[in-house]
1. Counting only the heavy atoms of the protein chains, how much of Arg261 is accessible to a 1.4 Å probe, in Å² to the nearest 10?
2. At a 1.4 Å probe radius, carbon and sulfur cover how many percent of the accessible area of the chain?
3. Indicate the gyration tensor shape class of region 233-279 (rounded, prolate or oblate), computed on the Cα atoms with a ≥ b ≥ c the square roots of the eigenvalues: a/c under 1.5 is rounded; otherwise a/b larger than b/c is prolate and the rest oblate.
4. So, by mean Cβ neighbours within 10 angstrom, what's the order for 280-286, 239-245 with the highest one leading?
5. Can you give me the relative contact order of region 29-119 as a percent, contacts being Cα pairs under 8 Å and 6 or more apart?
6. Probe 1.4 Å, all protein chains in place: accessible area of Glu234 in Å², nearest 10?
7. Need one value: the accessible area of Trp54 in square angstrom, 1.4 angstrom probe, rounded to the nearest 10.
8. Distance check, please: which entries in Lys168/Lys314; Lys168/Lys249; Lys175/Lys314 exceed 32 angstrom between their Cα atoms?
Amino acid sequence: METADFMPSEAVTAGIRKGIEIYEAARASAVRQVRWRVPLFVGLVLVFVVLVAWLFNKVADPNEQWFSTPHVFLYVIGFAASILLYFQAMKPATRLRQSFRETLLPIIFGFIADMRYQHGGRPNSFDRLPREAVGPFNRQSFDDVVSGRYEEFPFELYEAELREGSGKGSSTAFKGVVVAFEAIEPFPGILVATRWTNAVVGFFRGMFASKMQDLSSGVPELDAAYEFRTDNIEAARPLVTGRLAQALKWLGETWPDDPARVALNGSDGFLLLPQTKNFFELPAISVPLDYTRHVAPMIADMGAMLATAALVRKIGAKDEIG
């Protein structure tokens, strides 16, 4: 499927460009506000910290001028306050960018029927995502969530970051885009295709997921990149050696950087696309928004992800993959 298949008509494009013009007028106003709000808000904190530190010097030991324990405590509080006030000062820009997404995304993605958008909410399908597809994690965060219908099937697409551990010792279990969809034919159990994990992770995962069995596709390059695991090996074998292998070979050409992951759980299917970038992120408030540079690639990315999900959705179908 070509990128042109997802691009809006000239009439819709004209409406998008009109929306961009409105955004640009508001963006110029927001930039002016931010330019005086940031130095004012942060500057007031710095002046306060310096003034109080100078007063501390009046009672501090001469050998601890500016560096006594109360001074250090003051500096920490001042640093934290500066960060909070910085984000407060940036609110006109933050609100504008979020409002733009909420207003124009349904227009931009005109090929999606019944489109709904939310920011930061917990996706409805997340609890049905097999944990075997992402590995252990104890923290999750979500950014943009888009749902609707594409080619007559409902889907939910969201950006997620799943992490295990805390602080500097934490690790990323998954960061990228998840596309959840209804399978054409339900799979009687769980089947996941994920990239190979290190031996330690695999050992602990095996301890807590003993019901999952490994199998191979018979395709050397796929078996070198993926591990296939299921709790219903008889039902999974014809898929792993057939249509799932075909889909993963195609995915390897479409998403070459980090192997895409696939998971089936009953009537739910999941396509996981590891990515570090934010697909729906607008440029910094200081950068003028341009349809060709910023909006058109967003449309192409969304179309490509949904077309890929449509292909993966056919893995368990009785008809041939188109």
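The values are calculated or read from the model by the stated rules, or taken from the named source; none is laboratory data. None of the values given here were measured: they were computed from a predicted structure. Positions of Cβ are generated from backbone atoms using ideal geometry, with glycine treated the same way; all protein chains shown enter the neighbour counts. What goes into the accessible areas is simple: the full protein's heavy atoms, side chains included, and nothing from ligands, DNA or RNA. Shrake-Rupley method; radii C 1.70, N 1.55, O 1.52, S 1.80 Å.
1. 10 Å²
2. Numbers: 9920 of 16910 Å².
C and S fraction of accessible area: 59 percent.
3. Working: a/c = 3.38, a/b = 1.63, b/c = 2.08.
Oblate shape, in that a/c is at least 1.5 and b/c is the bigger or equal ratio.
4. On the way: 280-286: 14.7, 239-245: 19.7.
Going from most to least packed, we get 239-245, 280-286.
5. Numbers: 47 pairs, mean separation 34.3, N = 91.
Relative contact order, region 29-119: 38 percent.
6. 130 Å²
7. Approximately 120 Å² for this residue.
8. Numbers: Lys168/Lys314 41 Å; Lys168/Lys249 36 Å; Lys175/Lys314 25 Å.
Where the Cα-Cα span goes over 32 Å, the pairs concerned are Lys168/Lys314; Lys168/Lys249.
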